[in-house]
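The values are calculated or read from the model by the stated rules, or taken from the named source; none is laboratory data. The structure presented is a predicted model; accordingly, all values stated were derived computationally and were not measured. Positions of Cβ are generated from backbone atoms using ideal geometry, with glycine treated the same way; all protein chains shown enter the neighbour counts.
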Amino acid sequence: MSRRTVLIVDDEKPIRDMLKVALEMADFDCIEATNAQEAQIVVTDRRPDLVLLDWMMPEVSGVELLRRWRRNEETMNMPVIMLTAKAEEDNTVRGLEIGADDYITKPFSPRELAARIKALIRRSTPAEADQQLSAGNLLLDNSSRTVSINGTPVSLGPTEYRLLEFFMNNRNRAYTRNQLLNNVWGANVYIDERTIDVHIRRLRKALSVDGYENCIQTVRGFGYRFSEAALVKSDTSD
């Protein structure tokens, strides 16, 4: 497998240098950008496999740059991990809701960061098998890495895609947040279980066509499940 390319976007050179050394030791190729303008040029010209994006940057913040990427068809599904010194829960939720696929606070372990990058890239890489999963008029096509409802494309980030794929492969069974983290993120990746709630909200919002958001059900006091019965109710109510 060819080496994956990671774009490091941070205005502090010592941080970029530290990240570059750690990631090159983990067998990644690295590109650097010091601000949003440079980052946009690199993304357009080089198409990195993943972006490490600093929250606080002069002029255009990382949050604003991420918001722009998620509005653009060319970059809306690009894997992005936010880097920040902001550890408060509200900031974590805000970064995830804007479209970050993961979030790590400074200071952090280079080994943990490398593990998270590998896990996110692995989840974002299309499956080799030509497989389609369907539920009602909801279609997930692994060969093209696309999701549609009634033939209309549904835009999902890589984490939401993997979450939906897991649900559709294990429909009508309830899973705890910890089980979802282990199966979708990986057992060796350590993130707060509340991260699941943010991605569930994003997945439901993306599926809000003809009531398909109702297939992702909350199991009170336990977790979540994908319910085909909810799709049947939605179809019969039309």
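Quick notes on this one:
- Flag not set for residue 224, criterion: modelled with pLDDT under 90 and under 30 Å from residue 114 (Cα atoms).
- Residue match in the range 159-175 (condition: touching a Leu at 6+ places or on another chain (Cβ under 8 Å) and part of a loop (DSSP other than H, G, I, E, B)): no
- Being in the same structural domain as residue 101 (by TED's automatic domain parsing), assigned to a loop (DSSP other than H, G, I, E, B) and under 18 Å from residue 108 (Cα atoms) holds for only one residue in 17, 27, 11, and it is 11.
- Looking across the range 167-182, the residues that are polar (S, T, N, Q) and closer than 15 Å to residue 195 by Cα come down to 176, 178, 179, 182.
- Pairing residues of the range 151-174 that are not assigned by TED's automatic domain parsing to the domain that holds residue 77 and buried (at least 22 other Cβ atoms within 10 Å of the Cβ) with residues that are assigned to a loop (DSSP other than H, G, I, E, B) and among the aliphatic types (A, V, I, L, M), at Cβ distances under 8 Å and at least 6 apart in sequence or on separate chains, gives 157/76; 164/156; 164/207.
- Qualifying positions in the range 34-88 - part of a loop (DSSP other than H, G, I, E, B), among the acidic types (Asp, Glu) and either surrounded by 12 or more Cβ atoms within 10 Å (Cβ to Cβ) or at positive phi (or both): 49, 59
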